[in-house]
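Worksheet: the structure to be examined is printed underneath.
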Amino acid sequence: MNPLKNPTEISGMLGESVTMRKLNGRVVIKNRPRRKVVADPTEKQLVVFRKFKEAAQWAKKQIAKPDVDALYAARVTDKVKSAFLVAVTDYLTAPTVESIDASQYNGAIGDAITAKVVDDFMVTKVTVIITDPTGKILEQGQATQDPDMEFLWSYAATVANSAVAGTTVSVTGQDRARNQTVLEKVL
């Protein structure tokens, strides 16, 4: 059995077949779990294994930083019971760009483009790229977050665009784990 970390914490193996641990303030004693051994994992399974390993390594580094650990600890719930699990989930879940509203964009400087970008934890950056009908980038820049609604991001055009028809607006959302999602809208 492992040495106790503090006198009120109990966890570990009893013999070869019984495990003990504290769960929600109660001591739980169970038979030792049997692990399924996958003889020959498929390529898809190996990809998933690697992704989870990366997520665990990333989360471990994040919660080692006290300020970042506090961010993740603030999101602990009954379902996700530790800052480590919140960080793993953040790594595994990319943000979603749900919509682009370019109804106020008429090609003039200062015209607004708004996007709804959501994430399970936190969207850190939203980039807007405007390209002309031939694919040439007219402008790109960072959108700003609405202080009242954290999922809304706004971008004000900085370059005049005389040919709005066929223009493409591309919005990229990024989260703390640097996962990115892109949504494009042709005007």
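If you take P(r) over Cα pairs in 10 Å bins from 0, in percent from the coordinates, which of (1) 8, 26, 29, 20, 13, 3, 0; (2) 9, 35, 39, 17, 1; (3) 8, 23, 24, 19, 13, 7, 5, 0 do you get? Derived directly from the coordinates: (3). Near residue 86: Cβ cut-off under 15 Å, other residues only, Lys/Arg at +1 and Asp/Glu at -1. The net charge is 0. Over region 1-110, the pair-distance histogram of Cα-Cα distances with 10 Å bins from zero comes to 11, 21, 32, 20, 8, 3, 4, 0 percent, rounded to whole numbers.
Helix-derived [θ] at 222 nm for the chain: sum -39500 (n - 2.57) over DSSP H runs of at least 4, divide by residue count, nearest 500? Could you put the intermediate results ahead of the total?
Details: 3 runs with 39 residues, N = 187.
Mean residue ellipticity at 222 nm (helix-derived): -6500 deg cm²/dmol.
Once R0 is set to 35 Å, what does the formula 1/(1 + (r/R0)^6) return for the Cβ-Cβ distance between residue 96 and residue 40, expressed as a FRET efficiency to the nearest 0.05?
Working: r = 35 Å, r/R0 = 0.99.
My answer for the efficiency is 0.50.
Computed from the coordinates by the stated procedures, all read-outs in this text should not be read as laboratory data. Treat the numbers as computed from the prediction; the structure is a model and nothing was measured. Using ideal geometry, Cβ is built from the backbone for each residue, glycine included, and neighbour counts are taken over all protein chains shown.
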